[in-house]
1. Out of curiosity, is R80 part of a helix (DSSP H, G or I) and either surrounded by 15 or more Cβ atoms within 10 Å (Cβ to Cβ) or not assigned by TED's automatic domain parsing to the domain that holds I278 (or both)?
2. Determine if the stretch 192-210 includes at least one residue that is loosely packed, with under 14 Cβ neighbours inside 10 Å and either modelled with pLDDT under 95 or not assigned by TED's automatic domain parsing to the domain that holds Y275 (or both).
3. Can you give me the ranges of the helices (runs of 4 or more DSSP H) entirely in the stretch 165-270 with at least 2 residues that are in contact with a Ser or Thr (Cβ under 9 Å, 6 or more places away or on another chain), closer than 30 Å to N62 by Cβ and not hydroxyl-bearing (S, T, Y)?
4. Return the pair list, or none, for Cβ contacts closer than 8 Å from residues in the stretch 280-302 that are under 17 Å from A113 (Cβ atoms) and at pLDDT below 95 to residues that are of a type in the set (S, T, N, Q) and not in a loop (DSSP other than H, G, I, E, B), at least 6 apart or on different chains.
5. Consider only pairs whose beta carbons are under 8 Å apart and that are at least six residues apart or on different chains; among these, list those whose first residue lies in the stretch 249-266 and is over 12 Å from H195 (Cα atoms) and whose second residue is assigned to a loop (DSSP other than H, G, I, E, B).
Amino acid sequence: MSNGTLLPGRLGLAAARVPYVDRHGLIGLSRGKLFVEDGTLRFICAKSDELDAGDYAIPYQNISMILLGPGSTVSHDALRLLARHGVLLAAVGEGWVKYYTAPPMGQGRSNVARAHALLWANEKKRVEVAREMYALRFSMITGHHNLNILRGIEGSRMKTTYKFLADRYRIPWEGRRYDRSNPNAADIPNQAINHAATVVECAADIAVAAVGALPPLGFIHEDSSNAFTLDVADLYRTEVTIPLAFQCAHQVLKNAELSLERLIRQEAAKEFRRYKLIPKMIDHIKDLLHVNDSGSNPERKR
């Protein structure tokens, strides 16, 4: 990820001694030890996709979130230091395609959460945000303001999208089938969509946590404790989730010895880096909630 022109504020890094740093203040670390020595946060590691082997000083003052990958340990002193400076720490899977836990460390401010809650609590604004999400997904703004109508339009469009992408990736497609009580009972293409949706939702989990938004307050999804995460993940269903699923399903249908779930995790890690998925999610979240990196929350005219 690039260290080019950076946005100001808490979610932007102005400088870092770690080469693999995202402009939103996300750092991925794996296969090493995170600890404190003489007041400096250090990470000694073996070579990984994120870093070459070495001993690194971590600029925690300017970091929003550390994504700690497999093969890593963290000291009690490091946890105390991160908590004191409001740095999030999440345990993630290889390539950031699993999101296991994040200790409850915040960034010391509530502007994003308050902006999220205010938009969600106002029925008119809640529908407007939902319409913006559909506009992002379908590259057009619909004139409808009823969520049930919007969901119906979404369902129709997704049926067309599934068929189009199935033809592109030469996948036999008989429609979306998903049994929550037995997800492995589905055919290979549907299993692939289930697995791909899970890893994209993990990326959305990271993005939502990084900006301090409220996972339960969804604008399209409801009831679920991670409804907003599902909203964010669905923004990339056509661009990332389904192509990833069908590409992997195509390979497994040709070679039954491949593990579908493992293949999707591996390919997702590559795609997330290439597409810069999590930074794009963060940008979309901030835009949808009308917040910026400086911590202000200007009201945008609609």
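1. Values: part of a helix (DSSP H, G or I): yes; either surrounded by 15 or more Cβ atoms within 10 Å (Cβ to Cβ) or not assigned by TED's automatic domain parsing to the domain that holds I278 (or both): yes.
So R80 fits the description; yes.
2. Taking the stretch 192-210 as the starting set, the residues that turn out to be loosely packed, with under 14 Cβ neighbours inside 10 Å are none.
Scanning the stretch 192-210, I find no residue that is loosely packed, with under 14 Cβ neighbours inside 10 Å and either modelled with pLDDT under 95 or not assigned by TED's automatic domain parsing to the domain that holds Y275 (or both), so the answer is no.
3. On the way: elements: 188-211, 227-234, 242-254.
Because the criterion is at least 2 residues that are in contact with a Ser or Thr (Cβ under 9 Å, 6 or more places away or on another chain), closer than 30 Å to N62 by Cβ and not hydroxyl-bearing (S, T, Y), the helices (runs of 4 or more DSSP H) in the stretch 165-270 that meet it are 188-211.
4. If the second residue must be of a type in the set (S, T, N, Q) and not in a loop (DSSP other than H, G, I, E, B), the pairs left are V291/N111; G295/N111; S296/N111; N297/N111.
5. So the pair list comes out as H250/Y169; H250/R170; H250/I171; Q251/L258; V252/L258; L253/I171; L253/P172.
The values are calculated or read from the model by the stated rules, or taken from the named source; none is laboratory data. Please read these numbers as outputs of a predicted model, since none were measured by experiment. Cβ: placed from backbone, ideal geometry, glycine included. Neighbour counts: every protein chain shown.
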